[in-house]
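Heads up, the thing below is written out as structure tokens.
Read the figures in this text as sums done on the coordinates, not as results from a lab. Note that the structure is predicted; figures quoted are calculated from it, not measured. Note that each Cβ is placed from the backbone with ideal geometry, even for glycine, and that neighbours are counted across all protein chains shown.
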Amino acid sequence: MIRPVPSRHHEIADDLRHQITTGRIEPGERLPSEAGLADRYKVSTVTLRSALAVLQGEGLVEKIHGKGNFVRRPPRKIVYVGGWGTLDPWTAAETALRVTVRTNTAPAVGHLTTMLKVPTGSPLAEFFCISHEGESPNGLARIYIPCDVAPAGVLDDASSWRETATRFSVLSSPPPTVRETVSARPPAPDEASALRLRSSVAVLAVTRVATDAIGRVVEAALLVFPGDRVDAVFTIHHMTDERQTQG
């Protein structure tokens, strides 16, 4: 029986994979330049990029635009605590987890009018949040709040990036009612780009709608996490009937 001869780019991928899995190339380490690797293996850059594409597809190598190819660190799961957008509260002290926020103003259109129960064109404060652990993005959120209830001063410099605590929320205190809908789906192209995801990796999508004591919607949030890097925890508090406790 004649066995097929492995293609050159698969041979290169096998060699680099072996170096990565045996620790000769460590997690987070930058690989030599593509031109340097092509020269080392005596192949064209096209063949070399095909080999790297194999490793990128396996999740072993990550290409960062303008910086090069890096060995991916083993994913460490973060925790999203349902109801108030907290990220990884138990291990935050052990990581470099941070959330940056960009603010903007936008008119309410499409599904936002339904979620926030406002007329089309109503002014909204828009917050685009992205969390990082080191250099790796691990979650994003788009949060919309009616401008008249947005925290004072947040829209003074609408184009700026700001660093916040490890939380995907903007309001200073939890609203009385928070309703979240959770689903798993493929990432949208902009989500895959922002989170550096392969299209084959599912994301955990959370839609959060918060209302105040009189039933007005004060926040609508659309959150997305890589499905292989997050655990979502939801805790339900049961109210005890006072008549039962006093009986």
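What length, rounded to one decimal in nm, is gained on full extension from ALA232 through to GLU26, with 0.36 nm per residue of separation minus their alpha-carbon distance?
Contour length minus the Cα-Cα distance gives 71.2 nm.
Among 56-62, 211-217, what's the highest-first ranking by average C-beta atoms within 10 angstrom per residue?
Order by mean packing, descending: 56-62, 211-217.
Roughly how many nanometres apart are two label points built 7 Å out from the Cα toward the Cβ at VAL46 and LYS67?
It works out to 3.0 nm between the two label points.
Less than 27 Å apart at the alpha-carbon level, and either on another chain or at least 8 residues along: which lysines does that give for LYS77?
LYS63, LYS67
Place the peptides 177-190, 139-152 in order of packing, highest mean first, counting for every residue the other Cβ atoms within 10 Å and averaging per peptide. Please list the in-between numbers first.
Details: 177-190: 12.9, 139-152: 17.8.
The packing order, highest mean first, is 139-152, 177-190.
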